[in-house]
Every structure is written in structure tokens, then in C-alpha cells.
Amino acid sequence: MAEHIKCLIIGSGPAGYTAAVYAARANMNPVLYTGQQPGGQLTTTTEVENYPGYPDGVTGSEMMEDFRKQAERFGTQIRYEMITKVDFSGPVHKVWTESGQEIHADSVIISTGASAKWLGLPSEQKLMNKGVSACAVCDGFFFRGKSVAVVGGGDTAAEEATYLAKLCPEVHLLVRRDELRASKIMQDRVFKTPNVKVHWHTEALEVLGEDGVTGLRVINNQTQEESILNVQGFFVAIGHQPNTDAFRGWLDMDEAGYIKTIPGTSRTNIEGVFASGDAQDKIYRQAVTAAGTGCMAALDAERYLAAKEIEEMAEAH
């Protein structure tokens with residue numbers, strides 16, 4: 001037997017929980033499925049110091065705990081499971097959980113986020129949040145006055161390197177090839193920043209250190225020569241992967257898999273399906289912007305349901 005839900009929220013980062021707070025307060029009885037990482041990317045961040053309202057900073061997981069409690073306080077039902085399949089072909093939005101439960105939802109808010117891509121080095125995982133990060137805007141502040149390395153050759157890497165250059169005396173940018181893939185304007189910025197040193201044909205082999213980063217072992221992939229960079233921070237900037245596979249074929253996406261929304265709204269190409277947070281935002285990717293779009297999605301869903309109700313009442317008469 002399929003379960004009927006008025007407002008289904010898929011994902012539990014700042015976008016999902018904010019949507020839940022708004023939807024619950026609007027009597028939409030939201031049910032939120034957390035996905036495999038309850039709290040989203042923020043739970044892999046130690047200190048969050050740039051979210052308004054936390055003057056002393058807060059850990060990512062504590063902040064997501066606060067968001068969760070607030071959503072539950074207004075009556076959001078939270079379920080610790082994943083949505084693995086959807087069918088958006090009819091007026092009823094059908095989704096299936098990993099345990100096979102079928103759900104029919106009047107409105108769906110997608111806030112499945114994105115995951116940072118990693119190099120896959122064991123030392124990178126070991127020192128995650130101990131000097132290894134995938135977000136310079138989030139964590140750069142903790143490396144003021146220290147030397148750091150950034151790996152990547154695209155816009156993200158160029159942006160992270162120039163951002164860190166304002167805080168750090170020395171930024172090593174490791175590029176696998178002999179050129180940057182970044183846009184011309186971003187390349188110019190990198191080359192004009194005196195304390196960014198670009199290492200061509202260079203790959204990271206191992207992040208050194210026990211409780212914090214003390215260096216980076218790198219190799220020149222042309223000469224096979226290994227060397228150690230004296231750095232205290234390592235930023236992996238090889239891009240993000242939006243967690244949107246379950247919606248492929250149903251929702252309009254860009255070439256990277258980010259869900260396209262109608263500008264200025266959270267609406268997708270399917271009536272009654274809304275997208276928020278990093279699943280649809282590859283530009284800002286901050287907790288505060290994700291929360292903002294979660295609010296938009298809940299308000300858009302509320303208006304959609306209200307209009308639908310008026311239509312149904314008119315048809316009944």
C-alpha cells in the first residue's frame with residue numbers, strides 16, 4: 001500500500017531542514033528523508049564561523065542538530081532512510097525508499113546536496129578536518145599565516161587558491177597537466193597573485209602528519225621526481241558531484257548533474273517538484289544560501305498546494 005504524503009522533503013542539510021521548518025509551520029505535515037548522510041556536507045566540517053546567529057562559531061554537526069530539533073519541534077517527521085527511485089510522470093509524484101516503500105507525494109522538495117570529490121588518498125581521509133578540506137571559504141580562516149596547497153586545475157581550484165592567497169603567505173597550486181582548465185579570467189587572477197606558486201605536472205601522493213597536516217609529498221608526473229612541500233593545510237578543489245542520480249531522466253539538469261530551476265524560484269520542469277540547496281547551486285555552495293533556497297522551496301510548495309486546492313474545490317462545484 002502506497003503511503004500518501006502532502007509534502008515530502010528529500011535530504012537533510014541546511015536546505016532540507018529549513019524547508020521542513022517552513023513547511024511544518026504552514027501545516028503541510030512534512031516528512032523528511034535524511035539520505036545517507038544526515039545533516040549533509042556540514043557534518044564533515046568542524047568549525048562553522050560564518051553562519052549568522054552563532055557568534056562563537058559552532059561545529060557543523062552541532063548546527064545540523066539544532067536545525068533538526070527545530071524542524072521536529074514544529075512537527076516534521078524525520079526518517080533515516082534514502083529515496084532511491086522516483087516516477088514523476090503523472091499528477092501524483094511517486095517515490096520509493098531503499099526498503100521498497102512506495103510513497104505518493106502532493107509536493108516534493110529536493111535538497112539532496114552535493115558531495116566534494118576527493119583524490120582517494122588514505123592520508124587525505126585520515127586528516128580530514130585536521131588540515132584537509134574541500135572548502136576554502138569555509139575553512140580558510142583557520143589557516144591564516146600558514147602555507148597551504150590546493151590541488152586542481154579548474155575554476156574551483158583557481159578560486160580557492162586566490163581566496164587563500166589573501167590569508168596565507170604562500171599557496172601552492174598543484175596542476176596535473178601543463179595548463180589550467182579554469183576560465184581565462186580566473187587564470188589571469190592566479191597568475192597575477194604573487195604568493196600563488198603553480199606547480200605544473202604535479203600530483204599529490206601523500207598528506208603528511210598525525211594530528212594535523214605537516215607537509216605534502218608530491219610527484220612530478222613527467223620527471224617522476226618526488227618532493228615534499230612544507231604546508232600546514234591541503235585543499236582538494238577537483239569539483240563537486242551533485243547527489244541527483246535518482247532524478248535523472250525526470251528533471252532538467254545541466255551537464256554536471258545540477259538540477260535546473262526556473263530563475264528566481266525553486267521550481268523545476270515538473271509541476272509540484274522543487275529543488276533547493278547544493279543539488280541546484282554550484283556557484284555559492286554555502287550553508288546560509290542553501291538555507292535560503294530551502295525557505296524558497298517550502299514557500300513555493302505551499303503556494304502550489306494552495307492553488308491546487310482551489311482548483312480542486314472549483315472542479316467539485
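The values are calculated or read from the model by the stated rules, or taken from the named source; none is laboratory data. All values derive from a computational prediction rather than experimental measurement. Cβ sites come from the backbone with ideal geometry, for glycine too, and all protein chains shown count toward neighbours.
General observations
- Taking residues in the stretch 49-75 that are closer than 12 Å to Pro14 by Cβ, and partners anywhere that are in a strand (DSSP E or B), the pairs with Cβ atoms closer than 6 Å and at least 6 places apart or on different chains are Gly60/Val48; Met63/Val48.
- Some residue of the stretch 237-253 being in a strand (DSSP E or B) and without any contact (Cβ under 8 Å) to a residue 60 or more places away in the chain: yes
- Residues located in the stretch 148-168, provided they are of a type in the set (Val, Ile, Thr) and surrounded by 24 or more Cβ atoms within 10 Å (Cβ to Cβ): Val148, Val150, Val151, Thr156
- Count - residues of the stretch 63-72 that are surrounded by fewer than 15 Cβ atoms within 10 Å (Cβ to Cβ) and not basic (Lys, Arg): 1
- Within the stretch 299-313, one or more residues are within 20 Å of Pro30 (Cα to Cα), of a type in the set (Lys, Arg) and at pLDDT below 95.
- Residue among Asp106, Asp155 that alone is closer than 28 Å to Ile9 by Cβ and either at pLDDT below 95 or touching a Lys or Arg at 6+ places or on another chain (Cβ under 8 Å) (or both): Asp106
- From Leu216, Leu205, Leu229, residue being more than 17 Å from the chain's Cα centre (by Cα), surrounded by fewer than 20 Cβ atoms within 10 Å (Cβ to Cβ), closer than 23 Å to Val175 by Cβ and touching a residue at least 40 places away in the same chain (Cβ under 8 Å): Leu205
- Every residue from the stretch 5-42 that is of a type in the set (Ser, Thr, Tyr), outside any helix (DSSP H, G or I) and buried (at least 24 other Cβ atoms within 10 Å of the Cβ): Ser12
- Residue match in the stretch 175-187 (condition: modelled with pLDDT of 95 or more, small (Gly, Ala, Ser) and touching a helix residue (DSSP H, G or I) at 6+ places or on another chain (Cβ under 9 Å)): no
- Residue check: Pro38 meets all listed conditions (1) of a type outside the set (Asp, Glu); (2) closer than 17 Å to Gly272 by Cβ; (3) out of contact with any His (no Cβ under 8 Å at 6 or more places or on another chain); (4) modelled with pLDDT under 95 but one, namely (2).
- Residues in the stretch 170-194 that are surrounded by fewer than 12 Cβ atoms within 10 Å (Cβ to Cβ), out of contact with any Gly (no Cβ under 7 Å at 6 or more places or on another chain) and more than 11 Å from Ala158 (Cβ to Cβ): Asp178, Glu179, Lys192, Pro194.
- Where a residue in the stretch 280-294 is under 15 Å from Met64 (Cα atoms) and in contact (Cβ under 8 Å) with a residue 60 or more places away in the chain and its partner, wherever it lies, is β-branched (Val, Ile, Thr) and part of a helix (DSSP H, G or I), with Cβ under 6 Å and at least six apart: Ala291/Thr18; Gly294/Thr18
- Summed over the stretch 62-119, residues that are in contact with an Asp or Glu (Cβ under 9 Å, 6 or more places away or on another chain), among the acidic types (Asp, Glu) and within 17 Å of Lys6 (Cβ to Cβ) total 1.
- Inspection of the stretch 67-79 identifies no residue that is touching a Gly at 6+ places or on another chain (Cβ under 6 Å) and under 24 Å from Gln101 (Cβ atoms).
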